[in-house]
Each structure stands twice: as structure tokens, then as C-alpha cells.
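Here the structure is laid out as C-alpha cells; the discussion comes afterwards.
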Amino acid sequence: IAEIADVVYHEYGHLATMYVYLPEWAPGDLHEAFSDYFATTIVDTAFVGLDFYGEGTHLRDMDNDYVWPREECEGEEHCQGEVLAGALWHMRENLIDSMADRDEAVALSDSLFHYLRYGRPMDVHECLVQALLQDDDDDDLSNGTPHLEAVTQAFERRILLMDGAMGT
């Protein structure tokens with residue numbers, strides 16, 4: 001499996017997240033989601049572990065519609081992490097769709113992802129808040145953020161937002 005680049009990137013993503021969260025530890029499902037996003041954005045595909053079990057197979061697909069909480073996961077971290085990883089992947093796709101320059105959109109998504117971790121979110125809801133804080137350009141979330149729609153739509157597909165939260 002060390003010959004499958006995105007699997008190696010995924011494992012390296014765990015190291016990067018560990019250092020961001022030190023001296024604490026990120027919840028397992030966030031660790032998996034962050035590592036999945038890290039790997040998929042580098043290789044520019046929604047699949048993690050492409051060809052893992054043979055040609056055309058994969059371990060996980062970030063282009064998914066899983067909703068939090070995933071009762072069928074029974075707490076398994078890779079399974080639970082697919083919810084947030086899907087939100088992050090769709091945030092990336094939404095930004096690509098809403099911006100004129102694809103490379104700029106990917107760079108913005110990667111930046112939002114990278115810096116949201118510095119807020120040390122502990123669940124999917126806190127990841128949304130941290131992404132919006134990173135996207136904010138005037139220290140006032142009440143008037144929205146430059147990419148509010150692209151970010152919130154990706155997360156709204158997966159989590160129940162409190163009425164009125166972040167103006168949604």
C-alpha cells in the first residue's frame with residue numbers, strides 16, 4: 001500500500017493534524033476526515049485508496065452524501081469521518097464552481113481547510129464555524145463571508161444547522 005500515493009498522503013495528513021492539535025488530540029473521526037481531504041486534494045480526485053483492492057476499486061469516496069451522525073458506522077472513525085471529508089470535498093467543489101479560476105478556488109479551499117484546524121474543532125459543527133471564521137474578511141460573521149454560500153452549502157447537506165446560525 002506504500003505505492004498508493006493518496007494512502008501515503010492520508011497517513012502524512014495524520015501527522016500534520018497531530019502537530020496542529022498538540023498538546024491535545026483531534027477526535028478520531030476528524031483525524032480521518034482531515035487526512036482523507038489532505039490526500040484527495042493533493043491527487044485531485046474524490047477517491048481515497050484508488051486501486052487499493054485491485055484496478056478500479058477504492059477505500060472511500062469523498063463525493064458522498066453521508067449525514068451526521070452516521071448510525072450505521074457504530075462509532076468506527078473512518079466511516080464517521082466520511083461525513084466531514086465529504087463536506088470538505090464539496091466545499092472545494094462549490095468554490096471551484098463559484099470562482100473564475102480553478103487553481104485559485106482549490107488554493108482557497110486548501111487554505112480554509114488548513115487554517116480551520118488551528119481553531120482545534122472537536123466536531124463537524126465546529127469545523128463549519130472555523131471554516132467561516134477563516135473565510136471572514138472583516139471580523140464580522142453577522143454580515144456573512146466572501147464565500148459563505150459555497151462553504152455553508154457543503155456542510156448543510158450533512159448536518160442540521162441551528163435555526164439562524166451564521167445567517168442561514
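The values are calculated or read from the model by the stated rules, or taken from the named source; none is laboratory data. Given the structure is predicted, the values throughout are model-derived calculations rather than measurements. Note: ideal-geometry Cβ built from the backbone for every residue, glycine included; neighbour counts use all protein chains shown. Note: accessible area is taken over every heavy atom of the protein model, side chains too, but ligands, DNA and RNA are not part of it. Shrake-Rupley method; radii C 1.70, N 1.55, O 1.52, S 1.80 Å.
The table that follows gives values for the structure above.
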{"quantity": "For region 134-140, 3J(HN,Hα) per residue [Karplus equation, 6.51 cos²θ - 1.76 cosθ + 1.60, θ = phi - 60°, Hz, x = Gly/Pro]", "calculated": "6, 7, 5, 10, 9, 6, 9"}
{"quantity": "In Hz, Karplus ³J(HN,Hα) per residue of region 78-95 (6.51, -1.76, 1.60; θ = phi - 60°; x = Gly, Pro)", "calculated": "5, 5, 4, x, 5, 5, 5, 4, x, 4, 5, 5, 6, 4, 4, 5, 4, 5"}
{"quantity": "Length-normalised contact order of the chain in % [C-alpha pairs under 8 Å, at least 6 apart]", "calculated": "21 percent"}
{"quantity": "Protection proxy ranking of 147-153, 134-140, 69-75, 56-62 - average other beta-carbon atoms within 10 Å, highest first", "calculated": "147-153, 56-62, 134-140, 69-75"}
{"quantity": "Contact order relative to length of region 51-150, as percent, for alpha carbon pairs under 8 angstrom and 6 or more apart", "calculated": "17 percent"}
{"quantity": "Karplus-derived 3J(HN,Hα), 6.51/-1.76/1.60, for each residue of region 20-28, Hz, glycine and proline x", "calculated": "5, 8, 3, x, 7, 9, 5, x, x"}
{"quantity": "Protection proxy ranking of 22-30, 111-119 - average other beta-carbon atoms within 10 Å, highest first", "calculated": "111-119, 22-30"}
{"quantity": "Debye log10 I(q)/I(0) for region 32-141, one point scatterer per Cα, at q = 0.14 Å⁻¹", "calculated": "-0.57"}
{"quantity": "Shape category assigned to region 79-166 from the gyration tensor of Cα positions, a/c cut at 1.5", "calculated": "rounded"}
{"quantity": "Surface share of carbon and sulfur [accessible, 1.4 angstrom probe, percent] for the chain", "calculated": "51 percent"}
{"quantity": "Sites residue 11 and residue 77 - FRET efficiency at Förster radius 22 Å, r taken between beta-carbons, to 0.05", "calculated": "0.95"}
{"quantity": "Accessible area per residue, Å², the chain with all protein chains present, probe 1.4 Å", "calculated": "51 Å²"}
{"quantity": "Gap separating the Cα centres of region 45-103 and region 108-124, nearest whole Å", "calculated": "16 Å"}
